[in-house]
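Undergrad: I'd like to ask you about the structure that follows.
No value in this document is a laboratory result; all are computed from the given coordinates. Remember, it's a predicted structure, so these values are computed and weren't measured experimentally. Every residue, glycine as well, gets a Cβ built from its backbone with ideal geometry; the counts of neighbours run over all protein chains shown.
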Amino acid sequence: MSETRLAFRTCPLCEAGCGLEIAVQTSPLQVINKTESIGRIRGDMDDVFSHGFICPKGSTLKQLHEDPDRLRKPLIKRNGVHVEVEWDEAWAEVAGRLQDLIERHGRDAVAVYLGNPNAHSLSAMLYNRTLLQGLGTHNRFSASTVDQLPKQVAAGYMFGTGVHVAVPDLDRTDFLMILGANPYASNGSVCTAPDFPGRIEAIKTRGGTVVVVDPRFTRTAQEADTWLAIRPASDALFLMAVVNVLFTENLVKIQDRIAVLLNGLEDIRRVCQRFTPEAVSDATGLDAEVIRQVARDMSAASSAAVYGRIGTTTTEFGTTASWLVDVVNTLTGNLDSVGGAMFAKPVLGGPTTRGTSGKGSGFRIGRGGGKTKVNGYPEVMGEYPAAALAEEITHVSESGIKALITVAGNPVLSTPHSHQLSDALEQLELMISVDIYLNETTRHADIILPSPSQLQRDHYDVLLLQFAIRNVANYSPAVLPLDDGQPDEWEILAKLGLIAQGFGPDADPAQADDLAIDGLVRHSVGDPSSPIHGRDADEIIELLNKDGRFGPARMLDMMLQTGPYGAGFGLNPDGASIELLLSHPHGVDFGALEPRLPDALRTRSGMIELAPPELLADVDRLHAAIAELSQRGLVLIGRRHLKSNNSWMHNIDVLTKGSMRCSLLMHPDDAAHLGLIDGARAMVSSRVGSLEVDVELTDDIRSGVVSLPHGWGHDHPGTKMSVAASRAGVNSNILSDHLAMDPLSGTSVLNGIPVTIAAIPN
């Protein structure tokens, strides 16, 4: 007779943060072997944030955990073949080779790439810093420069910090305009909102309006009141024209409390004059009167919010478009206002809850003065553009990158000019990967260190709750124990950092953990803005240690207790702590978003910088692009599917079965002009590459635009992802140009790529 217990946790697979109810089963045989298995997974009806909502991905954590292709032991490449070894042997290999390389070439000979799944990992969010500090390298890269970084850069310039991003107050707005996002498929991005589709439908139910601006008639656009089929990469022009209308028709209605905080209003009024709806109509593909009506409707709405995402950020004007989103939110009276674009007050705290209220050091790029060696790209928020990684390996000899450490990333599929990077990785002296799969990137690694599965790790959304539409907290202890001999993810990261410092293969991760918590506590008791300022650090450490916690749980408790809702180690007994969250497995809701300005500002001026000089300087480039955008031929955009989470979920059969989703969407008029029919094979070419793909005709995309999903191309030899390989698809990033990027953020251009298409004869 089997026994079943229920475990509750937050889904770690995307940004929505949905609660899951997981049935954990123990059979008589499993009792003897001290093992458990996963049964049913469904939405947690009592979760304070998601209320039972679940998407198809969340229910597959069982399949992901049990995937026979998932790595469970370290791999070392010997004579070109990956061989399974025990952990002691792997650590000895890491220590010997990494330390030798650092001694010969210096610390900047090592580069680090952090992939998208790091944002969903408690261990990674807390202990990647330990790894980076241990390595001491300036060569840091991540997935940020292929997705959301422009939004963070724009927010940094306007509000003082890159994590102070305004999110739409979905549950209270009366007008929502979505640009370049398809939350019916993505569940939202830099806006943590479980059941985003349901929240959109609720806007309409209460009499509100939803406008979707997208080149494709997406599932989200189908549910909107209005679909504006904009030309790709022209979002900034459209928004600037909206700004123009707001001024010329006297529709600007800034809140009084916001007006006194604004720097640069007259600069905005001046620079928008050239961007009339008529001037941008051809470039955007939108009728001038349509643009005017959108501006009027937003201004007239009792509350409104503009939300722009990946379709806007992955263009050559990604930062400028992201900036203009919040310019429009400000001019319509909706910044920091109920039902508008608001700021979370995360339970863990952050840059806007610490330090001097209302003022800070501000934001700028290139703080360290470092630049990439080949093309001189500056550092942005502590990293270089991912598109530059290949050239930094191949085009620099003595002082270049000789080793690479990747953590949960697959840049061979996710970064531009992918073949170039794949070739470059073969030139490295050493590559180490922390990953659960032998994939298109890690196949190049000399050593692969597998993390435990998502069900074997504690979870808290450290980063994503910075962008939540409610102030909530939910801690999920690991559902299943670690396999025998398997280190936790935080232990892997901490040990790598210690080895990089020369502590050798026997380095104890607990040592790094103790040092980290000691430093965190001592900094907090010395910080005048901390609730434990002036307390005895040793006393605080003793309180943290009293229940025997270590690793992420102890670190998390410290952050919870000293956050804006924290218990403060006895100061507020009912406040946030790990004990509070453990006693509330469905989460704790600390309330709806509330106005946070000016207290949350961290600009040097203590003002909202509505017209930062760096962004004003880009306006001329934007204006010059009008003619070119008007004359572009066929351009390529990406797309996402509800069952896909970039590339690493493609090895789950239930998520990939059915008709092949990796097809080229094309409007019938474009196909007729090129002599293509539905299902035909076509050659798609850009400046940097070509690929063959099946054509899928649809009226749900504007003429002049074609679309390929990202994350596919599982046809490389030497991988171990059998399901993905059987449905390989094509890698759209063969077509993306490593030299094309938004200059303000270093983010790659993945939307609006000029392409040519030719039929392939039968």
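Undergrad: With a 10 Å radius around each residue's Cβ, average the other Cβ atoms per peptide and rank 162-175, 220-233, 488-501, 659-672, highest first.
TA: In decreasing order of mean packing, 162-175, 220-233, 488-501, 659-672 become 488-501, 162-175, 220-233, 659-672.
Undergrad: Going by C-beta contacts inside 10 Å, put Thr209, Thr313 in order with the fewest on the left.
TA: With the fewest neighbours first, Thr209, Thr313 line up as Thr209, Thr313.
Undergrad: At 222 nm, what helix-only mean residue ellipticity would the chain give, in deg cm²/dmol to the nearest 500, using -39500 (n - 2.57) for each DSSP H run of four or more?
TA: It lands at -9000 deg cm²/dmol.
Undergrad: What net charge is computed for the residues neighbouring Ser123, neighbours being all others with C-beta under 9 Å from the C-beta of Ser123, Lys and Arg scored +1, Asp and Glu -1?
TA: -3
Undergrad: Taking other Cβ within 10 Å of each residue's Cβ, how do His105, His533 sort, fewest first?
TA: Numbers: His105 17, His533 12.
The most exposed by this proxy come first: His533, His105.
Undergrad: How big is the gap, in Å, between the Cα center of region 700-731 and the Cα center of region 675-692?
TA: Between the Cα centre of region 700-731 and that of region 675-692, the gap is 14 Å.
Undergrad: Right, here's the next one. Could you work out, for region 508-586, what percent of all Cα-Cα pairs fall into each 5 Å distance bin, beginning at 0 Å and stopping at the bin that holds the largest distance?
TA: The percentages, shortest bin first, are 3, 16, 28, 27, 16, 7, 2, 0.
Undergrad: Summing Lys, Arg as +1 and Asp, Glu as -1, what charge do residues with Cβ under 10 Å from the Cβ of Lys204 carry, Lys204 excluded?
TA: -2
Undergrad: Calculate log10 I(q)/I(0) of region 320-464 for q = 0.12, 0.17, 0.20 Å⁻¹, where I(q) comes from the Debye formula with a single equal point scatterer on each Cα and nothing for solvent.
TA: -0.79, -1.10, -1.20
Undergrad: Rounded, prolate or oblate: pick one for region 143-301, where a ≥ b ≥ c are the square roots of the eigenvalues of its C-alpha gyration tensor, a/c under 1.5 means rounded, and failing that, prolate if a/b is larger than b/c, else oblate. Write down the numbers at each step before the final one.
TA: Details: a/c = 1.35, a/b = 1.16, b/c = 1.17.
It is rounded, given that a/c, with a ≥ b ≥ c, falls under 1.5.
Undergrad: May I ask you to list the lysines whose Cα is less than 29 Å away from that of Lys359, ignoring any residue fewer than eight positions away on the same chain?
TA: Those lysines meeting the cut-off are Lys151, Lys253, Lys345, Lys371.
Undergrad: Considering the dipole of the chain built from charges on the beta carbon (Lys and Arg +1, Asp and Glu -1) around the Cα centre, which of Trp87, Gly180, Leu149 is farthest to its positive end?
TA: Positive-end residue among those listed: Gly180.
Undergrad: If we count every other residue with Cβ under 14 angstrom of Gly587's Cβ, Lys/Arg +1 and Asp/Glu -1, where does the sum land? Each step should come with its number before you reach the end.
TA: Values: positive: Arg9, Arg470; negative: Glu21, Asp44, Asp46, Asp47, Asp461, Asp589.
Overall, the nearby charge balance is -4.
Undergrad: From the Cα gyration tensor of the chain, with a ≥ b ≥ c the square roots of its eigenvalues, which class applies: rounded if a/c is under 1.5, or else prolate if a/b is larger than b/c, or else oblate?
TA: Rounded, because the longest to shortest axis ratio a/c is under 1.5.
Undergrad: Along the principal axes of its C-alpha atoms, what lengths does region 225-349 span, in descending order and rounded to whole Å?
TA: 44, 32, 30
Undergrad: Which translational diffusion coefficient, to the nearest whole µm²/s, is obtained for region 591-638 from the Stokes-Einstein equation, given a Kirkwood hydrodynamic radius over C-alpha pairs, 4 °C and 1.567 mPa s?
TA: Details: Rh = 14.8 Å.
Here the translational diffusion coefficient equals 88 µm²/s.
Undergrad: Still on this structure, please answer the following. If you wrap a convex hull around the C-alpha atoms of region 306-398 and split its volume per residue, what is the figure in Å³?
TA: Working: hull volume 15.3 nm³, N = 93.
Given the Cα convex hull of region 306-398, per-residue volume reads 164 Å³.
Undergrad: In terms of Cα to Cα distance under 24 Å, which lysines are near enough to Lys657, apart from those fewer than 8 places away along the same chain?
TA: Straight-line reach from Lys657, under 24 Å: Lys57, Lys62, Lys643, Lys720.
Undergrad: Continuing with the same structure: Could you pull out every one of the lysines with an alpha carbon less than 18 Å from that of Lys495, ignoring same-chain neighbours closer than 8 positions?
TA: Filter leaves Lys73.
Undergrad: Please sort 79-86, 472-479 by packing, taking for each peptide the average over its residues of neighbouring beta carbons within 10 angstrom, highest first.
TA: In descending order of packing, they fall as 472-479, 79-86.
Undergrad: In debye to the nearest 20, how big a dipole does region 508-586 give about its Cα centre with +1 on each Lys and Arg Cβ and -1 on each Asp and Glu Cβ?
TA: Charge dipole, region 508-586, about its Cα centre: 200 debye, nearest 20.
Undergrad: Let me ask something else. Would you mind ranking Trp712, Trp87 so that the residue whose beta carbon has the fewest other beta carbons within 10 Å leads the list?
TA: Trp87, Trp712
Undergrad: Convex hull volume of the Cα atoms in region 94-203, per residue, in Å³?
TA: Hull volume normalised by residue count: 139 Å³.
Undergrad: How would you classify region 633-759 from its alpha-carbon gyration tensor, with a ≥ b ≥ c the square roots of the eigenvalues: rounded for a/c under 1.5, else prolate if a/b is greater than b/c, otherwise oblate?
TA: Oblate.
Undergrad: Expressed as a whole number of Å, what is the distance separating the alpha-carbon centroids of region 546-560 and region 608-650?
TA: 41 Å
Undergrad: Looking at region 1-66, what % of the alpha carbon pairs are farther apart than 16 Å?
TA: 47 percent
Undergrad: Take every Cα-Cα distance within region 19-158, group them into 5 Å bins from 0 onward, and report for each bin the whole-number percent of pairs it holds.
TA: 2, 7, 9, 11, 16, 16, 13, 11, 9, 5, 2, 0, 0
Undergrad: Please report the relative contact order for the chain, taking Cα pairs under 8 Å with a sequence separation of at least 6, and give it as a percent rounded to a whole number.
TA: Relative contact order, the chain: 20 percent.
Undergrad: For the chain, give the share of DSSP beta bridges that are antiparallel, in percent and rounded to the nearest 5; count only bridges with both residues there.
TA: Working: 43 of 82 bridges.
Around 50 percent of the beta bridges assigned by DSSP in the chain are antiparallel ones.
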